Amino acid sequence: MRSSIFVLFLISGLFRYSLAEEGFCSAPSAFTTESKSKPLYWKLYDSIISPLNLQNLPGFTRSVYKRDHALISPESHVYGPLPDWINTLGAYLISPEMGSHFVMYLAKLKENSRSGLPLHDVERFIFVLHGVVTVTSAHGVSHVLKVDSYAYFPPNFEHSIESEAPAILVVFERRYAQLPNHVPEPLVNSTNKQPLLETPGEVFELRKLLPQSLAYDFNIHIMDFQPGEFLNVKEVHYNQHGLLLLEGQGIYRLGDSWYPVEAGDVIWMAPFVPQWYAALGKIPTRYLLYKDVNRSPL
């Protein structure tokens, strides 16, 4: 009860690939950042590269792991070589060991880097957080992806991701759940090209980055909140989530716990964990959210 009152007090006080042969570049995002002189998502990748906010508190971390949820903050990231990737380090933040049926990891590409392929029957989604990468299909069709651009690769689709300069990606992979007569297509696109969708009963802005057809067994949502806005529905559902806070800060409820969160934080939500978010601070919140869809839980 006291936690609820405290949170309310805080709130009130505040490749489908293009048919053209040329590469794909995202247009500048309409999402405004705290400073126009700094690039999009600078707080996020700055914290990923150098999480200095806790350097004077040895042994302290905001990271939490529980049976039905986890909060992984940047100071807890542990990087190591990614299998079959060249000049790339990765930090696995969500994986089946914690109960998920997908993996979510950050890939830090160095100069002259190149990706490996996912495992057999595993699909892949990438979203550019920093820098520029080039994705190329086995047929030689290439697209240039900048910050806020993304690509989806169906299972067993040969492709490469390359970068001449440092770049950071968030990557989702899962073993594809096949559905007869439905085949997903590869695609590249960018957030700002996706339309705002209706959110009955809610105030946040919603974009879905993948098609909503039955061929796709998950989607990636981009959700925007103005300071002081919050989820009206206290969600409890069978879908799993993997979340990366791209901009802003706020309070996330997971089960019976309340967590202050900020850009760079990753959250895993197991099925049926109660979940709720309120945006605080002076700038809007934007987060990227994985959600499994279009399949029976049986």
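Looking at Lys208, Lys193 in this structure, which one is open to solvent by 20 Å² or more (accessible area, probe 1.4 Å) and in contact with a Ser or Thr (Cβ under 8 Å, 6 or more places away or on another chain)?
Values: Lys208 fails: in contact with a Ser or Thr (Cβ under 8 Å, 6 or more places away or on another chain).
Matching residue, one of Lys208, Lys193: Lys193.
Within the range 229-243, does at least one residue satisfy the condition of being touching a Leu at 6+ places or on another chain (Cβ under 7 Å) and assigned to a loop (DSSP other than H, G, I, E, B)?
No, every residue in the range 229-243 fails to be touching a Leu at 6+ places or on another chain (Cβ under 7 Å) and assigned to a loop (DSSP other than H, G, I, E, B).
Can you tell me which residues in the range 257-284 are touching a Leu at 6+ places or on another chain (Cβ under 7 Å) and buried (at least 19 other Cβ atoms within 10 Å of the Cβ)?
Passing the criteria: Val261, Glu262, Ala263, Gly264, Asp265, Val266, Ile267, Met269, Val273, Gln275, Tyr277, Leu280.
On the basis of being touching a strand residue (DSSP E or B) at 6+ places or on another chain (Cβ under 6 Å), open to solvent by 10 Å² or more (accessible area, probe 1.4 Å) and of a type outside the set (A, V, I, L, M, F, W, C), does Glu235 make the cut?
On the way: touching a strand residue (DSSP E or B) at 6+ places or on another chain (Cβ under 6 Å): yes; open to solvent by 10 Å² or more (accessible area, probe 1.4 Å): yes; of a type outside the set (A, V, I, L, M, F, W, C): yes.
Yes.
I need the full set of residues from the range 92-110 which are open to solvent by 10 Å² or more (accessible area, probe 1.4 Å) and in contact with a Ser or Thr (Cβ under 8 Å, 6 or more places away or on another chain), in order please.
Residues satisfying the conditions are Val103, Lys108, Lys110.
What about Leu288, is it assigned to a strand (DSSP E or B) and hydrophobic (A, V, I, L, M, F, W, C)?
yes
In the range 272-298, which residues are more than 18 Å from the chain's Cα centre (by Cα) and within 23 Å of Phe218 (Cβ to Cβ)?
Of everything in the range 272-298, those that are more than 18 Å from the chain's Cα centre (by Cα) and within 23 Å of Phe218 (Cβ to Cβ) turn out to be Phe272, Val273, Pro274, Asn294, Arg295, Ser296, Pro297, Leu298.
Determine whether the range 147-156 contains at least one residue that is open to solvent by 40 Å² or more (accessible area, probe 1.4 Å) and in contact with an Asp or Glu (Cβ under 9 Å, 6 or more places away or on another chain).
For the range 147-156, residues open to solvent by 40 Å² or more (accessible area, probe 1.4 Å) and in contact with an Asp or Glu (Cβ under 9 Å, 6 or more places away or on another chain): present.
Which numbered condition in (1) surrounded by fewer than 20 Cβ atoms within 10 Å (Cβ to Cβ); (2) modelled with pLDDT of 95 or more; (3) not polar (S, T, N, Q) is the only one that Glu75 fails?
If we test Glu75 against (1) surrounded by fewer than 20 Cβ atoms within 10 Å (Cβ to Cβ); (2) modelled with pLDDT of 95 or more; (3) not polar (S, T, N, Q), just (2) comes out false.
The values are calculated or read from the model by the stated rules, or taken from the named source; none is laboratory data. Quick caveat, the model's predicted, so the values are computed rather than measured. With ideal geometry, Cβ positions are generated from the backbone for all residues, glycine too; neighbour counts draw on all protein chains shown. Note: accessible area is taken over every heavy atom of the protein model, side chains too, but ligands, DNA and RNA are not part of it. Shrake-Rupley method; radii C 1.70, N 1.55, O 1.52, S 1.80 Å.
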